[in-house]
Amino acid sequence: MSHAVLGGSNCFRWANCAGSVALLHLIPPGLPTEAAEQGTAAHWIVETRLNHWKEHERDFDGVWPSYAPNNVSLYDEMFEATDVMVEYVADLCALNWGNTWMERRVSLSDEMFGTLDVGSYSPMYRHLDVFDYKHGRMFVPAVDNYQGAFYMVGAVRDLQERGLPLPLTVTFHIIQPNCYHHEGFIRKWTLTLEELYTWWEKIWAAAQRAGTHEFNTGSWCEYCPGTASCKAHWEKTQGYLNQVIAMQPLESPSAEQIAERKRMLDEAMTFIKQQQQAVDVLAYHMAENQGKHVPGYKLVQRNTHRKYVEGAADILLALRPDLADKALKPRELISPPNLIKIIDNDVSSLILYKPDGGKRLVPVESKGAAVASKLAEWFNGE
Ligand code: SF4
């Protein structure tokens, strides 16, 4: 899937920092994190289940494969988390599946596009709902959410292009089952079309500035792939470091003094961690993709967990029908470590494998044999 430079998912960052777009050409190819991969797999479950609802008016009731198309193992908690989204959407859209779309690409211009998880339009109420599933734990607010505004504008334009009457009101729903927050798992933001239009103006104005050398640090730096090359971010980090160096030991501090110091250190750590993560990505890119020697570090193979081969449940039941009750849960097989305890090696070698987890860069004194870079493998025809 191609990602837009001015996309919906990164709108919060580029709308607040025009300069971040100018740094994109310096950035190494994105390294998918484990959390992002899990999120992609969970989105695939949601899409599959809701498409089944749309076509058959009931949840998907077949046997799931052992892993998602992006090779992430499926497990119980993932299904339970998606239950929250699927039940919520199925409930709200029950009488309106014909006007409900999953994984729909929407665009604000040729360069500004994104894919919304679910959009549902009610011509009777002239109301549009946009649903966004978040698999992560970090709280994401629904109100004043740039990504939400971007998707709502895109969805309205989509209706317009299809000749449907424009909605009078629009609601953005965030469904975040893994985030425990006093606002709950489901949060909403409802706007009139006029109010949404002011967001469209704001996003459009930000898009015109994008790529200029105006840098602006803030919470959106968390999502910026250009941090290692950003002078503004480094100056902010340096400012915090200077404050840390100037600190004196606290003697019998008051609650206010402790609160003040904690706030400053928390902010400093946020910026320092962002610098560290950005440098980690760059060092790995130099070693793996550019084949450079990073002094004091080596590439090693990542450890991975065992996964099931495609059709593992059928193979297992053909070889060991006696294990049906013990090895199968309602929706999938029990986890590989638990299955290994109850089957022989010759059966496990047929249905389990260790996927390639890629490499990581570690200090030379760490455990693990050094392995060749991608560039060296390519030259040696490995
Ligand atoms: S790190 Fe922050 S200030 Fe620097 S380019 Fe990225 S978003 Fe802008």
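Coordinate-derived values only; no laboratory data. Please read these numbers as outputs of a predicted model, since none were measured by experiment. Neighbour counts run over all protein chains shown; Cβ positions are idealised from the backbone, glycine included.
For P355, the shell of other residues with beta-carbons less than 9 Å away shows a net charge of +2, using +1 for Lys and Arg and -1 for Asp and Glu. Stretching the chain fully between E80 and L265 yields a gain of 62.9 nm (0.36 nm per residue, less the alpha carbon separation).
Quick check: net charge around G19, other residues with Cβ under 12 Å of its Cβ, Lys/Arg +1 and Asp/Glu -1? Computed value for this residue: +2.
Applying the Karplus relation 6.51 cos²θ - 1.76 cosθ + 1.60 with θ = phi - 60° to the stretch 123-139 yields 3J(HN,Hα) values of x, 5, 9, 6, 10, 10, 10, 10, 10, 10, 8, 10, 8, x, 9, 6, 4 Hz, where x marks Gly and Pro. Between T190 and D61, what FRET efficiency follows from the Cβ-Cβ distance if R0 is 45 Å, with the result rounded to 0.05? In this case the efficiency is close to 0.85.
Think of each Lys and Arg Cβ as +1 and each Asp and Glu Cβ as -1; about the Cα centre, that makes the dipole of the chain roughly 860 debye. What the phi angles of the stretch 224-236 give under the Karplus curve with 6.51, -1.76 and 1.60, with θ = phi - 60°, is a coupling list of 9, x, x, 3, 4, 9, 9, 5, 4, 5, 5, 5, 5 Hz, glycine and proline written as x.
Counting charges near K202 (Lys, Arg +1; Asp, Glu -1) among other residues having Cβ under 12 Å from its Cβ returns a value of -2. Relative protection proxy for 33-42, 360-369, from highest mean packing down: 33-42, 360-369 (other beta-carbon atoms within 10 angstrom). Checking the a/c ratio against 1.5 first, then a/b against b/c, what shape does the Cα gyration tensor give for the stretch 297-380? Taking the square roots of the gyration eigenvalues as a ≥ b ≥ c, the stretch 297-380 is prolate. Evaluating 6.51 cos²θ - 1.76 cosθ + 1.60 at θ = phi - 60° for every residue in the stretch 175-188, the Karplus couplings come out as 10, 10, x, 9, 10, 8, 9, 5, 7, x, 6, 10, 10, 9 Hz, glycine and proline recorded as x.
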